[in-house]
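Take a look at the structure set out below.
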Amino acid sequence: LKFTRPYKKSGKTVLEHYQWNFDRIKVKEAWAALGSKGDSGVTVAVIDTGVAFKDYTDPGTGTIYKQSPELVGVSFVSPRKYSSDGCEAGFSTDGPLVDNEHALDDGGHGTHVASTIVQATNNNQHAAGIAPGVKLMPINVFTKCPENDDAYTNTYDLILGINHAVSNGADVINMSLGINTTALSQLQTLREAIQSATNQGVVVVAAAGNSVTSTSSPPIAVPAAFPETIAVGATRHDNARAHYSQHQLNNGKGIDVMAPGGEIVDKEGYVNDQNDDYLFDGIVQQTIMPGDPEHFTQITALQPSIHDYFCIEIDGTGATGYFSECGLYQGTSMAAPHVSAVVALMLSA
């Protein structure tokens with residue numbers, strides 16, 4: 001990690017402003033205008049890597065899952081897990097289809113996304129969500145692959161997830177994901193599922209992608225690039241576009257709206273702390289520890305006597321970031337649920 005300047009105290013506690021993203025979209029003003037933090041008659045489906053929404057022990061693997069402490073009290077409805085052997089080359093659907101209600105999270109991404117929407121507020125713990133009064137529908141369409149500990153989805157599972165959300169009463173679908181396929185038949189079938197959803201009044205929100213480099217800016221990702229979706233790009237603390245956020249047109253479709261996605265490290269490799277709050281400028285939400293669905297992230301200063309920054313450790317060889325262990329993420333994946341949660345507040349009104 002590279003630092004632009006020494007830390008300067010601002011006189012504020014971290015809890016007062018480390019969710020800078022809320023100020024950017026005027027969450028407090030929205031709550032005041034609405035008179036609530038979302039209506040329980042509104043349901044947001046999060047199609048992702050799953051959500052830490054309950055305690056469960058997998059009888060096959062022995063893996064222990066726990067409910068996120070900051071999601072206790074959230075109303076979860078119609079959870080679903082779909083997996084059709086997404087680890088195979090070409091995302092084969094020849095394997096047995098997993099189809100059950102255990103839409104739990106192995107990686108942390110889906111829980112982080114869901115937490116931006118519905119995480120608890122006013123409990124003096126960790127972070128808050130934008131619309132914690134609404135219902136959340138966890139849908140896991142990812143397969144965790146043992147050979148590299150990564151997770152993948154495919155158009156088949158994603159379509160199953162979309163159809164499940166629609167048939168079970170979702171008002172909003174959040175997809176902080178992108179599909180890497182050039183097969184026109186798959187893309188057309190996926191778009192038809194999204195068209196069916198929007199024709200039935202469901203609002204579909206998708207992340208634009210994070211693949212901008214210093215030399216190239218690919219078109220925005222699918223499904224964000226479909227005309228029926230709200231394509232969301234990411235901004236950083238100063239409202240500039242985050243350097244990674246895809247923005248080039250894809251078959252004439254561009255970004256619909258920008259939202260806070262954070263920028264922990266800028267395009268030059270320097271860490272960002274533009275509001276001097278000891279916490280770099282990502283989006284912080286409680287989620288599971290990386291690969292450990294039994295334990296959850298916390299904001300901690302690993303070596304405060306040396307440098308006072310949160311989520312890093314400094315030794316004689318330099319600084320190491322532990323951002324995922326703190327629940328500090330960046331990406332258009334983080335921007336999209338801001339939009340989904342705002343839509344949920346609008347529907348609540």
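The values are calculated or read from the model by the stated rules, or taken from the named source; none is laboratory data. All of these numbers come straight from a predicted model, not from anything done at the bench. So basically every Cβ, Gly included, is an ideal-geometry build from the backbone, and we count neighbours across all protein chains shown. When the accessible area is computed, the model is the full protein with side chains, heavy atoms only, and any ligands, DNA or RNA have been set aside. Shrake-Rupley method; radii C 1.70, N 1.55, O 1.52, S 1.80 Å.
Things to note:
- Test for residue 99: is it at negative phi, over 19 Å from the mean Cα position of the chain (by Cα) and open to solvent by 70 Å² or more (accessible area, probe 1.4 Å): yes
- Condition check for residue 27: under 23 Å from residue 202 (Cβ atoms) and aliphatic (A, V, I, L, M): no
- Of all residues in the stretch 27-41, none that is farther than 22 Å from residue 76 by Cα has its Cβ atom under 7 Å from the Cβ atom of a residue that is open to solvent by 70 Å² or more (accessible area, probe 1.4 Å) and of a type in the set (Asp, Glu), 6 or more apart or on another chain.
- Scanning the stretch 188-211 for residues that are open to solvent by 20 Å² or more (accessible area, probe 1.4 Å) and within 22 Å of the chain's Cα centre (by Cα) yields a count of 5.
- Filter result for residue 131 (of a type in the set (Gly, Ala, Ser) and under 17 Å from the mean Cα position of the chain (by Cα)): yes
- Residue within the stretch 225-234 that is farther than 18 Å from residue 178 by Cα and open to solvent by 40 Å² or more (accessible area, probe 1.4 Å) present: no
- Scanning the stretch 163-184 for residues that are touching a strand residue (DSSP E or B) at 6+ places or on another chain (Cβ under 6 Å), within 15 Å of residue 340 (Cβ to Cβ) and of a type outside the set (Val, Ile, Thr) yields 165, 170, 171, 174, 175, 176.
- Summed over the stretch 34-71, residues that are among the aliphatic types (A, V, I, L, M) and modelled with pLDDT under 95 total 0.
- Scanning the stretch 18-34 for residues that are under 19 Å from the mean Cα position of the chain (by Cα) and either more than 24 Å from residue 233 (Cβ to Cβ) or open to solvent by less than 40 Å² (accessible area, probe 1.4 Å) (or both) yields 18, 19, 20, 21, 22, 27.
- Test: residue 210 is in a loop (DSSP other than H, G, I, E, B), in contact with a helix residue (DSSP H, G or I) (Cβ under 8 Å, 6 or more places away or on another chain) and at positive phi: no
- Those residues of the stretch 182-241 which are polar (S, T, N, Q) and within 20 Å of residue 172 (Cβ to Cβ), in sequence order: 195, 196, 198, 199, 200, 229
- Restricting attention to the stretch 212-252, the residues that are more than 18 Å from the chain's Cα centre (by Cα) and touching a residue at least 60 places away in the same chain (Cβ under 8 Å) add up to 1.
- Looking only at residues of the stretch 165-187 that are at pLDDT 95 or above and part of a helix (DSSP H, G or I), we find that the one that is most open to solvent (accessible area, probe 1.4 Å) is 167.
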